[in-house]
Amino acid sequence: MTLTDERTEEVAVNPRLERAARRRESWRGFLHAVPAYVYLIVFFVLPLIVVFVFSFASRSRTGRPELENWNVDGWTRLTDELVRTIVTRSLFVAALNTVLCLIIGYQFAYWIATRRKQSTRTILLILVLIPFWSNFLVRTYAWRMLLDSDGYITQLGELTGLWGRTLFTLPAVFLGLLYGYLPFMVLPLYAAIERIDWSLVEAGRDLYASGTKAFMKITLPLSRPGIVAGSILVFIPSLGAYVTPDILGGAKTTLLGNFIVTQFGAARNWPFGSALSSAILMVMLLATILYFRSGARTV
Amino acid sequence: MSIDGAPAVGLHGVTKKFGVDVVAVDDMGLEIRDGEFFSLLGPSGCGKTTTLRMIAGLEFPTDGSIQIFGDEMGLRPPNKRPVNTVFQSYALFPHMNVEQNVGFGLRMKGVDRSEEKQRVNEAIDLVRLSGLNTRRPGALSGGQQQRVALARALVNQPKVLLLDEPLGALDLKLRQTMQLELKDIQADVGITFIYVTHDQEEALTMSDRIGVMNEGKLVQVGVSEEIYESPANLFVASFVGDMSFLPAEVVEPGSVRLAGGEIVRAKTDSNPGTSVTLALRPEKLHLFANASEAPPDRNALSGTVTRRTFYGESLYYEVAVGASGSFDVRVENLPVMRRWEVGDEVVVDFHPDSTTALAE
């Protein structure tokens, strides 16, 4: 690797020419990115700034947010007992869902990635993606029917005497979340596992590692980029999940997503909702950066 | 549990099939002696790597048995065999540094920390990588990675070291240096080496014995000289070194007739009338201006120079002898040697003992 680097430097005899070429190259690259930049700034960054600004607004008697008498009431409310409970509960739900997705998704991704024929792997990956072809809300309602009193899953539970009606309970929420986010775990894991050079595992076996040891010491560390990416892709949306807890949990156990929606709806407390949204966004951003850094270092 | 006097590795009727009709290794029988540097030589796809992988336990034979020092291997997994492998791609663990890579086997075996550290350092010294202990493989050159792979295998003091084209990815100069080093290391540690290569020169220079493989079959086993001087068949002759091949027919024992009618004295004891291929090494042929200059009681055939190739230390002449075919002649690039031009009439001279008559 170092050899090639040295060679490239040798070729670059005229630093001025080299710089000019690089500048032109980067300018051209930027032009291609302009549409995406414009779109993201107008529809993503600006709205977020609006949310952030509104977190300092005051409320009129009717609950209308007013920017004239700005204050930090929305932010001070973040320390409320209620907020803490909901945040803790949501973190627990998101973390447990991530772990469940990881355990189930890893095995599945490993199985797909180790199929010998490329066509088999492609078909299995398409099967993972098929649920996305229909609307998430529709699919969640389908779950609602399955879990309701006369639903098949409930009937099966009653038949075996193992469970009853699960709709509007926490297990129902977990079922929905697991179902919804499993593909987001499988795909990056598959990408990481598929890239693993299997001769490394063979080398491990050759060096006296049992199958389990070789997995723990070689396969697992080498799939770490996939674990990191998959966990982020599952954890973050699980933390802010709104549709699933609302439809399958019956809004009985309030999670962050539902709580924020309530602030903008029934509670008519936009400043508090905005502050909560902004705070979560910032914390998650920081956590993600740290997590990615720790994952990127391994290989 | 090894049996005294048993060969380091014994293969008996070993066959490996992939799927129904792909026979990678076909009924292979071979005994490799303790302390020997044994090379498996053959073109890609000849089954040499599969054979090595079966000894390592990374593949299992479809039929036959493999013993290591008399110990039946059967379906024993690789981690329970007293062999280690140097992989073609090195297969160094990218997430571990040099020290951790080299120490991996010892850690898996449960060798205690202080002994591990000592043996790892010894192995790193042996392959002359001291000071690079904490480097990751990605920060090493190809030659250094190769040494790490070697140290990682040797540190476990295996009974047999398996090497799968370990020098294939290195450039020529480095490969030659590493060939000598490998040979020295082998002499040093006294472990049996089984070396898989498609490079005939590498096999000839390094090995105590060579096994030549083709299409899943072991076609000849012998020391370098035997393989080179008396190839068992046309395949070995054409795969190992350069040779000119001429169709011929046995006239009587010790004499053959070429396609153009010339009678040539050759090493053969086949029955008269048998079709053979006369094989000749370019360096064993000599060129003279006419038959009277050539030494008597040998073979002298008149021909025309049709091509001249300059190799630096030598020149190769292609000489066409009528309807019999062409001979490649190697001439040392010495000041005393006469230079020939394309179109020159010459006499090709060779000793009967320098010929090989290969039956079809």
Report task. Would you be able to say whether some residue in the stretch A:176-198 is more than 14 Å from chain B (Cβ to nearest Cβ), more than 15 Å from A:Gly105 (Cβ to Cβ) and in contact (Cβ under 8 Å) with a residue 60 or more places away in the chain? Result -> yes
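Conditions (1) under 24 Å from the mean Cα position of the chain (by Cα); (2) among the small types (Gly, Ala, Ser); (3) closer than 15 Å to A:Ala191 by Cα; (4) surrounded by 12 or more Cβ atoms within 10 Å (Cβ to Cβ), marked per residue:
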residue: A:Tyr106; (1), (2), (3), (4): yes, no, yes, yes
residue: A:Tyr110; (1), (2), (3), (4): yes, no, yes, yes
residue: A:Lys117; (1), (2), (3), (4): no, no, no, no
residue: A:Leu124; (1), (2), (3), (4): yes, no, yes, yes
residue: A:Val128; (1), (2), (3), (4): yes, no, yes, yes
residue: A:Ser134; (1), (2), (3), (4): yes, yes, no, no
residue: A:Arg144; (1), (2), (3), (4): yes, no, no, yes
residue: A:Leu147; (1), (2), (3), (4): no, no, no, yes
residue: A:Asp150; (1), (2), (3), (4): no, no, no, no
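Do we have B:Leu129 as among the hydrophobic types (A, V, I, L, M, F, W, C), assigned to a helix (DSSP H, G or I) and away from chain A (no Cβ under 11 Å) here? I'd like the intermediate steps shown before the answer.
On the way: among the hydrophobic types (A, V, I, L, M, F, W, C): yes; assigned to a helix (DSSP H, G or I): no; away from chain A (no Cβ under 11 Å): yes.
The answer is no for B:Leu129.
Considering every residue within the stretch B:19-27, establish whether at least one is surrounded by 21 or more Cβ atoms within 10 Å (Cβ to Cβ) and small (Gly, Ala, Ser). Write out each step before concluding.
Start the filter on the stretch B:19-27 by keeping residues that are surrounded by 21 or more Cβ atoms within 10 Å (Cβ to Cβ), which leaves B:24-25.
The next check asks that each one be small (Gly, Ala, Ser); those that pass are B:24.
Checked against the condition, which is being surrounded by 21 or more Cβ atoms within 10 Å (Cβ to Cβ) and small (Gly, Ala, Ser), the stretch B:19-27 yields at least one hit.
One line per residue, one yes/no per condition, for (1) in contact with a Leu (Cβ under 9 Å, 6 or more places away or on another chain); (2) surrounded by fewer than 18 Cβ atoms within 10 Å (Cβ to Cβ):
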site	(1), (2)
A:Lys213	no, yes
A:Leu220	no, yes
A:Pro225	no, no
A:Val243	yes, yes
A:Leu248	yes, no
A:Leu255	yes, no
A:Ala267	no, yes
Condition set in a strand (DSSP E or B) and of a type in the set (A, V, I, L, M, F, W, C), scope the stretch B:3-18, selection surrounded by the fewest Cβ atoms within 10 Å (Cβ to Cβ): answer is B:Phe18
Scanning the stretch B:150-188 residue by residue, those within 19 Å of B:Val120 (Cα to Cα), of a type outside the set (A, V, I, L, M) and not in a helix (DSSP H, G or I) turn out to be B:Asn156, B:Gln157, B:Pro158, B:Lys159
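Would you point out which residue out of B:Leu258, B:Leu285 is touching a helix residue (DSSP H, G or I) at 6+ places or on another chain (Cβ under 6 Å), buried (at least 20 other Cβ atoms within 10 Å of the Cβ) and more than 20 Å from B:Val212 (Cβ to Cβ)? Please lay out each step first, then the result.
Details: B:Leu285 fails: touching a helix residue (DSSP H, G or I) at 6+ places or on another chain (Cβ under 6 Å).
B:Leu258 is the lone residue from the list that is touching a helix residue (DSSP H, G or I) at 6+ places or on another chain (Cβ under 6 Å), buried (at least 20 other Cβ atoms within 10 Å of the Cβ) and more than 20 Å from B:Val212 (Cβ to Cβ).
Restricting attention to strands (runs of 3 or more DSSP E) lying wholly within the stretch B:261-360, give those where 3 or more residues are of a type in the set (Gly, Ala, Ser).
B:299-310
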With criteria (1) touching a helix residue (DSSP H, G or I) at 6+ places or on another chain (Cβ under 9 Å); (2) more than 14 Å from chain B (Cβ to nearest Cβ); (3) part of a loop (DSSP other than H, G, I, E, B), A:Phe132 comes up short on (3)
How many residues of the stretch B:132-160 are of a type in the set (Gly, Ala, Ser) and either more than 14 Å from chain A (Cβ to nearest Cβ) or within 18 Å of B:Ile194 (Cα to Cα) (or both)? The answer is 3
Scanning the stretch B:85-94 for residues that are farther than 13 Å from A:Gly204 by Cβ and more than 7 Å from chain A (Cβ to nearest Cβ), the one surrounded by the most Cβ atoms within 10 Å (Cβ to Cβ) turns out to be B:Val86
When you look at A:Ala209, is it surrounded by 21 or more Cβ atoms within 10 Å (Cβ to Cβ), among the small types (Gly, Ala, Ser), on the phi < 0 side of the Ramachandran plot and not in a helix (DSSP H, G or I), yes or no? yes
Worksheet item: Do we have any residue at all in the stretch B:95-109 that's more than 14 Å from chain A (Cβ to nearest Cβ), of a type outside the set (Val, Ile, Thr) and assigned to a loop (DSSP other than H, G, I, E, B)?
Response: no
Output for Cβ contacts, cut-off 6 Å, separation at least six or different chains, first residue under 11 Å from A:Phe259 (Cα atoms) and touching a residue at least 40 places away in the same chain (Cβ under 8 Å) in the stretch A:270-281, second of a type in the set (Asp, Glu) and surrounded by 24 or more Cβ atoms within 10 Å (Cβ to Cβ), reads none
Going through the stretch B:1-17 in order, the residues found to be at pLDDT 85 or above and β-branched (Val, Ile, Thr) are B:Val9, B:Val14, B:Thr15
| message | Take B:Thr49 and tell me if it is within 12 Å of chain A (Cβ to nearest Cβ), part of a helix (DSSP H, G or I) and touching a strand residue (DSSP E or B) at 6+ places or on another chain (Cβ under 7 Å). | response | yes
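The values are calculated or read from the model by the stated rules, or taken from the named source; none is laboratory data. No experiment lies behind these values; they were computed from the predicted model shown. For neighbour counting, all protein chains shown are included, and Cβ atoms are generated from backbone atoms with ideal geometry for every residue, glycine included.
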